[in-house]
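Please treat every number below as a calculation from the coordinates, not as lab data. Quick caveat, the model's predicted, so the values are computed rather than measured. Neighbour counts run over all protein chains shown; Cβ positions are idealised from the backbone, glycine included.
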Amino acid sequence: MGPVNLDGIPGGSLCVIDTNVLLYAEQGVSGQAQRFLLRCARGELSGVLPQTVWQEVTHKLMLAEAMMRGLISGGNPAARLTAKPEVVRGLSLYRAKVQALVDLGLGFEACTLDDLTKTAFKMQEKHGFLTNDAVVLAVAIRLKADALVSSDKAFHGVNEVAVHCPTDLRI
């Protein structure tokens, strides 16, 4: 069975959330992603972000803020921002957006050594995932999550956990 859209996640489900769904909700390009986060905020769903997702979304929002404000431009925005620590010190919108995710009640789940060296490595061998995707899946497996919420097509062949993805992307 393929992925089910986000509106189809049953109430009470424990959901491990991937970075892209958070960004699509923030960018307003998926009503399903926005409704999903609203359901998490209301307590209808339990949303958990693996540590790697917290880090990745924070990084991407920081880069987006710097680009949006015209403080960096061109290719390799991370390298450009690294060269400008004074710019990093002046950024704050991304921090407010990350705090908003915390305020929604989204959980933080640290990656364990076994997640990485046992389960994630097995998932890489089985599915060919890059490390961060393998760790997201490993955390979902360890938590016995009801749903892995991601728009990443790599997860479509996963049978270890039910995959739900936004089917209404407007990008």
Worksheet entry | The lone exception for Gln32 - which of (1) in contact (Cβ under 8 Å) with a residue 40 or more places away in the chain; (2) closer than 24 Å to Ile171 by Cβ; (3) under 14 Å from the mean Cα position of the chain (by Cα) it fails | (3)
Worksheet item: Scanning the stretch 116-133 for residues that are assigned to a helix (DSSP H, G or I) and within 17 Å of the chain's Cα centre (by Cα), which turns out farthest from Gln27 (Cα to Cα)?
Response: Ala120
Worksheet item: What residue, of Asp133, Asp146, is acidic (Asp, Glu) and buried (at least 21 other Cβ atoms within 10 Å of the Cβ)?
Response: Asp133
Fill in: Any hit, the stretch 51-65, residues being crowded, with 22+ Cβ neighbours inside 10 Å, within 29 Å of Val163 (Cα to Cα) and in contact with a Cys (Cβ under 9 Å, 6 or more places away or on another chain)
yes
Discussion item. I want to confirm something. Restricting to the stretch 152-171 and keeping residues that are of a type in the set (Gly, Ala, Ser) and within 17 Å of Gly128 (Cα to Cα), which single residue is surrounded by the most Cβ atoms within 10 Å (Cβ to Cβ)?
Written reply: Ala154
Discussion item. Condition first: hydroxyl-bearing (Ser, Thr, Tyr), under 30 Å from Arg142 (Cβ atoms) and assigned to a loop (DSSP other than H, G, I, E, B). Now tell me which residues in the stretch 56-113 satisfy that.
Written reply: Thr112
Worksheet item: Filter the stretch 21-55 for residues that are hydroxyl-bearing (Ser, Thr, Tyr) and part of a helix (DSSP H, G or I); which is farthest from Thr131 (Cα to Cα)?
Response: Tyr24
Worksheet entry | Matching entry among Ser92, Ser151 (being in contact with a Cys (Cβ under 8 Å, 6 or more places away or on another chain) and within 30 Å of Gly43 (Cα to Cα)) | Ser151
Worksheet item: Which one of Pro85, Pro10 is of a type outside the set (S, T, N, Q) and within 16 Å of Leu148 (Cβ to Cβ)?
Response: Pro10
Worksheet item: Taking the stated definitions as given, is Val16 within 24 Å of Thr131 (Cβ to Cβ) and surrounded by 15 or more Cβ atoms within 10 Å (Cβ to Cβ)?
Response: yes
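Results for (1) over 17 Å from Glu160 (Cα atoms); (2) surrounded by 15 or more Cβ atoms within 10 Å (Cβ to Cβ), shown as yes or no for each residue.
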site: Gly74; (1), (2): yes, no
site: Thr82; (1), (2): yes, no
site: Pro85; (1), (2): yes, no
site: Leu101; (1), (2): yes, yes
site: Thr112; (1), (2): yes, yes
site: Thr117; (1), (2): yes, no
site: Lys122; (1), (2): no, yes
site: Gly128; (1), (2): no, no
Worksheet item: Among the residues of the stretch 159-171, which ones are under 20 Å from Ser30 (Cβ atoms) and part of a loop (DSSP other than H, G, I, E, B)?
Response: Ala162, Cys165, Pro166, Thr167, Asp168, Leu169, Arg170, Ile171
Response to the item:
By residue number, the members of the stretch 139-171 that are more than 22 Å from Pro10 (Cα to Cα) and within 15 Å of the chain's Cα centre (by Cα) are Ala154
